[in-house]
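All remarks here apply to the structure that follows.
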Amino acid sequence: MKKIGITCYPTVGGSGVIATELGMLLAERGHEIHFITSSLPFRLNQIHPKVFYHEVELTHYPVFQYPPYDLALATKMAEVIDREELDILHVHYAMPHAICAILARDIAQHNVKIVTTLHGTDITVLGFDPTFKKMIRYGIEKSDAVTAVSNSLVNQTIEMLEVNKEISVIYNFVNEKEYYKKELPSIKKQYGIKPDEKVVIHISNFRKVKRIEDIIYTFYKVSKRVRSKLILIGDGPEFSAAFQLVKQLKLESNVLFLGKQKNISDLLSISDLKLLLSEKESFGLVLLEAMACQVPCIGTNVGGVPEVINHGETGFIVELGDTESAAEYAIQLLQNEEELERLSQNALHHAKKYFHSKEIVNQYITLYDNVVDNF
Ligand code: GMT
């Protein structure tokens, strides 16, 4: 049994989901888990005797223009490392979490090992900034072990940051107890979707990198040939622009803006196809969530997406911005029941074979064992 601290961004996002689910699954295997975050991770909605939560509190002294969150986090990490005698502190994102963890390791008396998982945005967005670049490289090189969620992210990290550190790939996973296809025909009815209409779904935080306009243009072309509805889940900076585009294309009655939702697997269960046409995506956890619910996916040839979608077998890969091809693949699939069934079955098998939570959690446990034993 190990005592493991976990730090992640606790708000909605794939990295927060992975960190929380990993903590819960490790607790089920007998490890003691200490979440050290600024608020309760949103997926931490179950009690467990081996799961603890330590909140990072911000102090608002008038002398500070900005409350020093990173220092408060490092202080809390050091306090928990010593009090709970943590073996491992597993941080998600190098910036700022790995940096805070390194500082905490220096402050603490107890010997703790730091494992950092890279999720993408710190490398693919912040890594371009020369100031952050040095900081991220430091966070990576001073960690005891580093993982990334795809081969693509490892290559990008080495290329962009010129880091001198072994980075192992540990793919993302989903909680299979939550993500599976459910028989819920009533949901379609509740949302005013006719039984013979196909459902195309997109889930994201509506940031610019998600290219929501490409999703809408693709669906625009699909809707001319297939009786269908587009479900958009999530909220973010591009929400209003997306709303305007739907209006401009006169698609209002075919597009459902559902905002942030909790029971994603219920909505995936009524979906026939998932679109993720981002310009950056280190993995695309939402693709795996869809595949676990037997929904084939169309994704762009960027980052880790081709490591998740097997072209022609579990979905299709298109070049960035190629909404013509995305629509063509979607139309062909949605018009062919047999092919749709084949791809949805393949999607489930692929998710189980390559991304099963049991296997992925084993990989993290092996990594923790190596880190603790080898030092
Ligand atoms: O995509 C986002 O904007 C959210 C971000 C996050 O912190 O959850 O996602 C990143 O990490 C996910 C979990 O590993 C990956 O599935 C996403 O592909 C990755 N996003 C990007 O690389 C843009």
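The values are calculated or read from the model by the stated rules, or taken from the named source; none is laboratory data. From a predicted model like this one, the values you see are computed outputs, not experimental measurements. Positions of Cβ are generated from backbone atoms using ideal geometry, with glycine treated the same way; all protein chains shown enter the neighbour counts.
For the reader, a short list of remarks on this structure follows.
- When the test is whether a residue is among the hydroxyl-bearing types (Ser, Thr, Tyr) and out of contact with any Lys or Arg (no Cβ under 8 Å at 6 or more places or on another chain), residue 124 does not pass it.
- For the criterion of being among the β-branched types (Val, Ile, Thr) and touching a residue at least 24 places away in the same chain (Cβ under 8 Å), residue 47 fails.
- In region 147-161, the residues that are more than 26 Å from residue 365 (Cβ to Cβ), surrounded by fewer than 20 Cβ atoms within 10 Å (Cβ to Cβ) and touching a Gly at 6+ places or on another chain (Cβ under 9 Å): 160
- Among the conditions (1) within 16 Å of the ligand (Cβ to nearest atom); (2) farther than 21 Å from residue 143 by Cβ, the only one that residue 7 does not satisfy is (2).
- One residue alone among 93, 69, 138 is in contact with a His (Cβ under 8 Å, 6 or more places away or on another chain), among the hydroxyl-bearing types (Ser, Thr, Tyr) and outside the structural domain of residue 278 (by TED's automatic domain parsing), and that residue is 93.
- For region 256-270, the candidate set comprises residues that are out of contact with any Leu (no Cβ under 8 Å at 6 or more places or on another chain), touching a residue at least 60 places away in the same chain (Cβ under 8 Å) and not basic (Lys, Arg); within that set, the residue that is nearest to residue 42 (Cα to Cα) is 264.
- Only listed residue being closer than 30 Å to residue 231 by Cα and more than 13 Å from the ligand (Cβ to nearest atom), chosen from 113, 189: 189
- Across region 354-362, a minimum of one residue is classified as in a helix (DSSP H, G or I) and within 19 Å of residue 274 (Cβ to Cβ).
- Wholly within region 1-110, helices (runs of 4 or more DSSP H) carrying at least 3 residues that are at pLDDT below 95 and under 19 Å from residue 146 (Cα atoms): 14-28
- Boolean, residue 316 is in contact with a Phe, Trp or Tyr (Cβ under 8 Å, 6 or more places away or on another chain), outside the structural domain of residue 124 (by TED's automatic domain parsing), under 24 Å from residue 169 (Cα atoms) and away from the ligand (no atom under 16 Å from the Cβ): yes
Residue-by-condition table, conditions (1) under 14 Å from residue 19 (Cβ atoms); (2) hydroxyl-bearing (Ser, Thr, Tyr); (3) touching a residue at least 24 places away in the same chain (Cβ under 8 Å); (4) in contact with a strand residue (DSSP E or B) (Cβ under 7 Å, 6 or more places away or on another chain):
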residue	(1), (2), (3), (4)
33	yes, no, yes, yes
59	no, yes, no, no
86	no, no, yes, yes
97	yes, no, yes, yes
129	no, no, no, no
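- Single match in 270, 264 (criterion: more than 13 Å from the ligand (Cβ to nearest atom), under 18 Å from residue 233 (Cα atoms) and either of a type in the set (Ser, Thr, Tyr) or more than 14 Å from the chain's Cα centre (by Cα) (or both)): 270
- Restricting region 11-25 to residues that are of a type in the set (A, V, I, L, M) and out of contact with any strand residue (DSSP E or B) (no Cβ under 6 Å at 6 or more places or on another chain), the residue that is farthest from residue 357 (Cα to Cα): 12
- In region 10-40, residue farthest from the ligand (Cβ to nearest atom) [restricted to those that are crowded, with 18+ Cβ neighbours inside 10 Å and β-branched (Val, Ile, Thr)]: 33
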